[in-house]
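One structure below.
Derivation of every value follows stated rules applied to the coordinates shown; laboratory data play no part. Note that the structure is predicted; figures quoted are calculated from it, not measured. Neighbour counts run over all protein chains shown; Cβ positions are idealised from the backbone, glycine included.
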Amino acid sequence: MSVPIGAYLMLSLALLILGLIGVMRRRNPLMLLLSVELMLNAGNVALIGFSRLWDDPSGQVFALVVMVVAAAEVVIGLGLVVAIFRSRTNLDVDEMSSMRG
Amino acid sequence: MGEAVTFAVAAVGALGFGIGVVFFRDAFRAAVSLIGTLVSVALLFIALLAPFAAAVQVIVYAGAIVVMFLFVIAYLGDRGDIGTPDRLDRWQVIGWMGLMGLGAFGAIVVQTSTAGPVQAAPASTDVGSPASIGDAFLTGHLLAFEVTSLVLLVAAVGAVILARGAVQGEGGR
């Protein structure tokens with residue numbers, strides 16, 4: 001049990017920044033959703049690390065709730081991507097500026 | 001010692017596959033790379049004595065969510081980026097500076113925090129067991145538990161409504 005909590009937090013930070021780079025660079029909404037999943041996982045690593053640090057199951061409860069939110073977000077996000085795809089030929093978030101179908 | 005080795009392997013795996021997620025041009029490869037990241041994070045959860053969270057991570061994320069991604073990618077087919085000019089191009093420098101600022105801020109906070117190393121031996125060894133998590137859910141976090149069911153219900157209804165509009169667009173009912 002030699003790994004300090006700081007190592008887990010630095011890994012979490014690196015994953016979060018990686019996901020943020022993906023959100024900034026990517027134009028395809030599918031890839032944006034993938035990058036958001038990366039960021040949510042970074043948050044989960046930090047939460048479970050703190051749960052271990054304080055010896056308290058609350059952190060794991062938070063992480064499980066985050067997983068549920070991620071599942072709901074993917075369902076709605078992919079539904080929107082498929083719905084938008086039907087009216088357009090290409091997938092580019094910069095082109096999706098209209099709220100009306 | 002065992003935790004250090006597990007952490008090293010999982011950290012390298014998570015970051016390596018994460019770089020694949022962000023930089024693979026092909027959507028299919030990026031989604032498959034995400035599986036690697038998710039399994040590495042599950043390994044980290046095991047190293048942190050959270051076996052239940054690790055199991056849920058593999059079943060829900062790598063099992064269900066990534067399969068849904070792969071299904072949509074296969075359904076939409078390969079369509080590359082087309083060359084529309086980036087309307088946010090002017091703000092790019094500010095974005096990258098903000099990103100580096102966030103990284104520096106986080107690193108400074110982690111380095112200067114006074115939290116000690118992870119406790120060597122937890123007082124109650126079953127913190128990560130399904131029994132203790134279920135107990136926490138149904139006593140201290142009952143509201144979160146109920147809101148979870150509501151969130152899933154809203155997501156399911158929203159997906160049905162989105163899909164119904166799409167079916168009508170194709171001439172179905």
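Worth pointing out:
- In degrees, nearest ten, helix A:58-87 long axis to first principal axis of chain A (Cα): 10 degrees
- Our summary gives chain A a relative contact order of 28 percent, counting only alpha carbon pairs under 8 angstrom and 6 or more residues apart.
- Environment charge at B:V127 (Cβ cut-off 11 Å; Lys +1, Arg +1, Asp -1, Glu -1): -3
- Whole-number percent relative contact order across region B:1-79, with pairs defined as alpha carbons under 8 Å at least 6 apart: 29 percent
- C-alpha long axis of helix A:5-25 to longest principal axis of chain A, angle in °: 10 degrees
- Across region B:1-84, the volume of the C-alpha convex hull divided among the residues equals 81 Å³ per residue.
- Among A:A46, A:A70, A:A83, the largest mean-square fluctuation in a Gaussian network model of chain A (Cα springs under 10 Å) belongs to A:A83.
- Chain lengthening between B:R25 and B:A156 when straightened (0.36 nm per residue, less Cα-Cα): 44.1 nm
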